[in-house]
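Peer 1: Okay, here's the structure, questions in a sec.
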Amino acid sequence: MIFIYLIMGIYALAMLFILFFSFAQAHLLYHFFQFKKNIPRVNPPAWEALPKVTVQLPIFNERYVVERLIDAVAKFNYPADKLEIQLLDDSTDETVEIIQRHLDKYPEVDFQYIHRVDRTGFKAGALKAGLQVAKGEFIAVFDADFVPDPDFILQTIGHFADQRVGMVQSRWTHLNEDHSLLTRLQAFALDAHFMVEQMGRNHQQAFINFNGTGGIWRKTCILEAGNWHDDTLTEDLDLSYRAQQIGWKFVYRPDIKSPAELPPVMSAIKSQQFRWTKGGAECAAKHLKNVWSRPLNLSTKLHASAHLLNAVIFIAVVMVSLCSIPLWWGFQQGMIPSEIFQGAALFLIGFVIIALVYFFANLSLVGNSSKEMIRFIWELPLFLSVSMGLSIHNAQAVWEGLTGKKSPFIRTPKYNLSDQDSWRKNIYHQLKVPATTYLEGLMAVVFAVMVGLSLYFHTYEMLVFHGMLALGFTLVSIESFRSYRV
């Protein structure tokens, strides 16, 4: 019985964290609806009064997308004498020659090619090195897989008339959203972040984050906040919190779109997810104590905590998933009263709240289209299932981040696909199968068995939960083996 009580305690603690996170999400959803009524828009200064801007393009071995990036930024609608574009190239392959050849097409554009042999600090180090010689008063950043809008700078620069504004972030959109089910599900998640989370936080002046790309900074803000640091894998989130904690204001513009590529295969998705979740956990360890020690209002502190700790939900999902098995067994053996077992199942309401956030975020982008609503209805449980299926992989990343285990910055391979299967030819594609992939396959079998047992014994309280886990781990493990074993 002691073991069962211990399991019940762990289950309750994990579900309480999920409930806390879901309530924070519900509060953001409320502010999201308020933000939609009054999106901040400003006019740019007169053409002759526009300030000097530097655009930084951090690049590392991007042979498939770098020409597309150069073509896009060369079209910026901005005075040529006030625009500097830095190609911060740390490449070690033929990307170096591709860039240099392609720059010859644009002699009228002020391209500054900066090549580092030593990749100290990875992306953060490249941005910092470029900042030392940047001529611009404002610094825009775009990753290699982005295709910036020609009017991006004109649409954002006017916000800096307010001297308190340190950064303006645009909304990511997706160049290859309809490429496959995997890209659709990623868009589902990112759209929720860029709609509900960013809009909800910004509306109530809570901390938001620069998303690493598709944003523009006041150079003074970067320097006053301590410049770019490379002690976390998410240098963007780290600098965002340092800047906002010393009083800088951030502006989010959901109406300004910055299109980018979504990873089309599971190995690339996992690489990206690992960096984001581990980096977020590292930033939580670095900043959470400082946030609570500063004279900020309670709402800001609570949302900052939910923001910094959001990846911990993957650890909570793993704990709830594993604990649900002995809880089910304890109920079957008569060790847990039916009222308590049913009450444990009711904790799953947190997942329902989170599901509603994703649903309304995505629906807001397409209006009241019945066709899109039907698509979201079947995609939503599939998205939640796959998110659960990624919980072991991401929980490992979070645990490493919270405990201080360091790892190098591994950038996500870019593909620029011409057809469904051309990803197999990508020379940057990862081939090694992580140990967690085998564990995901095992979990798929375990929860499939739990579904069968629940049906056999007519205990349906956790059937949906176990069914989603079985589906999620199955899909993630299959897609993982398919993408690693080329």
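The values are calculated or read from the model by the stated rules, or taken from the named source; none is laboratory data. None of these values were measured; they are calculated from a predicted model. Note that we place each Cβ from the backbone using ideal geometry, even for glycine, and neighbour counts take in every protein chain shown.
Peer 1: How many of the residues making up region 457-486 are at positive phi and small (Gly, Ala, Ser)?
Peer 2: The number of residues fulfilling the criteria is 0.
Peer 1: Let me spell it out: the conditions are (1) surrounded by 13 or more Cβ atoms within 10 Å (Cβ to Cβ); (2) under 28 Å from Ile353 (Cα atoms), and Gly9 meets all of them except one. Which number is the exception?
Peer 2: Failed condition: (1).
Peer 1: Take region 289-313 and flag every residue that is more than 14 Å from Arg201 (Cβ to Cβ) and part of a helix (DSSP H, G or I).
Peer 2: Scanning region 289-313 gives Lys289, Asn290, Trp292, Ser293, Leu298, Val312, Ile313.
Peer 1: Only one of these is in contact (Cβ under 8 Å) with a residue 60 or more places away in the chain, closer than 30 Å to Thr95 by Cα and touching a strand residue (DSSP E or B) at 6+ places or on another chain (Cβ under 8 Å): Val55, Val65. Name it.
Peer 2: Going through Val55, Val65 in turn, just one is in contact (Cβ under 8 Å) with a residue 60 or more places away in the chain, closer than 30 Å to Thr95 by Cα and touching a strand residue (DSSP E or B) at 6+ places or on another chain (Cβ under 8 Å): Val55.
Peer 1: Here's a check for you: in region 460-481, which residue that is crowded, with 16+ Cβ neighbours inside 10 Å and at pLDDT below 90 is nearest to Ile340 (Cα to Cα)?
Peer 2: So, considering only residues that are crowded, with 16+ Cβ neighbours inside 10 Å and at pLDDT below 90, the one nearest to Ile340 (Cα to Cα) is Glu461.
Peer 1: Considering region 257-274 alone, what residues qualify as being over 22 Å from Ser391 (Cα atoms) and surrounded by fewer than 21 Cβ atoms within 10 Å (Cβ to Cβ)?
Peer 2: Lys257, Pro259
Peer 1: Here's a follow-up. Taking Lys432 as meeting all but one of (1) modelled with pLDDT under 95; (2) farther than 30 Å from Phe60 by Cα, write down the number of the exception.
Peer 2: The failed condition is (2).
Peer 1: Mind listing just one residue for me: the one in region 52-67 that is farther than 14 Å from Ile85 by Cα and in contact with a Phe, Trp or Tyr (Cβ under 7 Å, 6 or more places away or on another chain) and, of those, surrounded by the most Cβ atoms within 10 Å (Cβ to Cβ)?
Peer 2: Looking at residues that are farther than 14 Å from Ile85 by Cα and in contact with a Phe, Trp or Tyr (Cβ under 7 Å, 6 or more places away or on another chain), I get Tyr64.
Peer 1: What's the total number of residues in region 197-243 that are under 15 Å from Phe35 (Cβ atoms), part of a helix (DSSP H, G or I) and within 13 Å of the chain's Cα centre (by Cα)?
Peer 2: So the count comes out to 2.
Peer 1: Could you pull out the residue among Lys270, Lys286 that is without any contact (Cβ under 8 Å) to a residue 60 or more places away in the chain and either of a type in the set (Ser, Thr, Tyr) or assigned to a helix (DSSP H, G or I) (or both)?
Peer 2: Lys286
Peer 1: It is to be established whether one or more residues within region 104-120 are under 29 Å from Arg275 (Cβ atoms), in a loop (DSSP other than H, G, I, E, B), under 26 Å from the mean Cα position of the chain (by Cα) and modelled with pLDDT under 95.
Peer 2: Yes, because at least one residue in region 104-120 is under 29 Å from Arg275 (Cβ atoms), in a loop (DSSP other than H, G, I, E, B), under 26 Å from the mean Cα position of the chain (by Cα) and modelled with pLDDT under 95.
Peer 1: Identify, from the list Leu356, Leu288, Leu322, the residue that is under 29 Å from Glu177 (Cβ atoms) and either touching a Ser or Thr at 6+ places or on another chain (Cβ under 9 Å) or surrounded by fewer than 18 Cβ atoms within 10 Å (Cβ to Cβ) (or both).
Peer 2: It is Leu356.
Peer 1: Sticking with this one: Just name the residue that is nearest to the chain's Cα centre (by Cα) out of those in region 450-466 that are in a helix (DSSP H, G or I) and closer than 17 Å to Val318 by Cβ.
Peer 2: Phe465
Peer 1: Then there's this: Which is in contact with a Lys or Arg (Cβ under 6 Å, 6 or more places away or on another chain) and either farther than 25 Å from Ile153 by Cβ or in a helix (DSSP H, G or I) (or both), of Tyr5, Tyr30, Tyr11, Tyr64?
Peer 2: Of Tyr5, Tyr30, Tyr11, Tyr64, the one residue that is in contact with a Lys or Arg (Cβ under 6 Å, 6 or more places away or on another chain) and either farther than 25 Å from Ile153 by Cβ or in a helix (DSSP H, G or I) (or both) is Tyr64.
Peer 1: Could you go through region 65-80 and let me know if any residue there is among the basic types (Lys, Arg), closer than 20 Å to Thr412 by Cα and either touching a Gly at 6+ places or on another chain (Cβ under 7 Å) or at pLDDT 95 or above (or both).
Peer 2: Yes: region 65-80 contains one or more residues that are among the basic types (Lys, Arg), closer than 20 Å to Thr412 by Cα and either touching a Gly at 6+ places or on another chain (Cβ under 7 Å) or at pLDDT 95 or above (or both).
Peer 1: What's the number of the condition Ser418 fails, among (1) of a type outside the set (Lys, Arg); (2) exposed (fewer than 12 other Cβ atoms within 10 Å of the Cβ); (3) at pLDDT 80 or above?
Peer 2: (3)
Peer 1: Considering each residue of region 365-402, count those that are polar (S, T, N, Q), surrounded by 17 or more Cβ atoms within 10 Å (Cβ to Cβ) and more than 17 Å from the chain's Cα centre (by Cα), and give that number.
Peer 2: Counting residues in region 365-402 that are polar (S, T, N, Q), surrounded by 17 or more Cβ atoms within 10 Å (Cβ to Cβ) and more than 17 Å from the chain's Cα centre (by Cα) gives 1.
Peer 1: Something else about it: Out of the residues in region 325-363 that are under 19 Å from Phe447 (Cβ atoms) and outside any helix (DSSP H, G or I), state the one that is modelled with the highest pLDDT.
Peer 2: Looking at the filtered set, the residue picked out is Leu348.
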